[in-house]
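Computed from the coordinates by the stated procedures, all read-outs in this text should not be read as laboratory data. The structure displayed is predicted, hence computed values, not measured ones. Cβ: placed from backbone, ideal geometry, glycine included. Neighbour counts: every protein chain shown.
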Amino acid sequence: MSNLLKFKTIIVAASLIAFVADPTAAQSTANNQLQFSSAKHNFSADEISVILAEFEIQSALAQYEGKGAAAILAQTSGGAKFVISLLGCDNPVEGVRCGGAVIYTATSNAGIAYDDINSFNASSNVTIAVNVAEQNVILFGRQLFFAGGVGRDNFKYITELFLRDMQNFMDDRVAAGTAVSFNGAPAMTGKTDNIASSGGAVTFSATQISIGDVDGYALSAAIANTWQVSFAPSGTPTGE
């Protein structure tokens, strides 16, 4: 099982634990999720790109690599990079009518203790962090299921909370003076080619890079997401 699949499994398990631990609160949350707009049972890549644009986030649909999921590559106005993997799509090549999503990103794990990860998981709004020691990265993510019906505003709000969680993590690292390094970084320079800059505008090439069991997009994000980038949501955030 790949680390990314394990990561998705951990996210699902954590969601189920939260529901079992407090079903009343979980039901209340589910009701709140649908209060602002009609429930949708699937989302397409173009709809999600519109939502991201409302946060002033640039995005592009990656070329389909035949692995069953579509991938939207995104960059915030502060230079932070993350990915939305769309699952169960009627047409994964174009990311059409997808039944679920995983919003995820990564950072180097240099200088970060397990206590830091545990503290983040205990205090985050929606995001779960998993250390992938053999690849020197920490994966962060949130899974969404659309089958039961999810409002557009809820999708947007979950995205906003994910971005806030990531910014909080970055702020904590800066406050702690965590040193950032990436083992073997010089040899990995070419690994960032799938997220590039052209004429001041962010562009994404079509090739997904596979490095061990870690999604190449996540590794590229980990290299790019230094503590100086900003995940802070901008544009037109959803009200709480």
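In terms of other Cβ atoms within 10 Å, K81, K67, K40 run from fewest to most in the order K67, K40, K81.
Going by average Cβ neighbours within 10 Å, how do the peptides 120-128, 96-104 rank, with the highest at the top? List each step's numbers first, then the result.
On the way: 120-128: 16.6, 96-104: 21.4.
Per-residue Cβ counts within 10 Å, averaged per peptide and sorted highest first, yield 96-104, 120-128.
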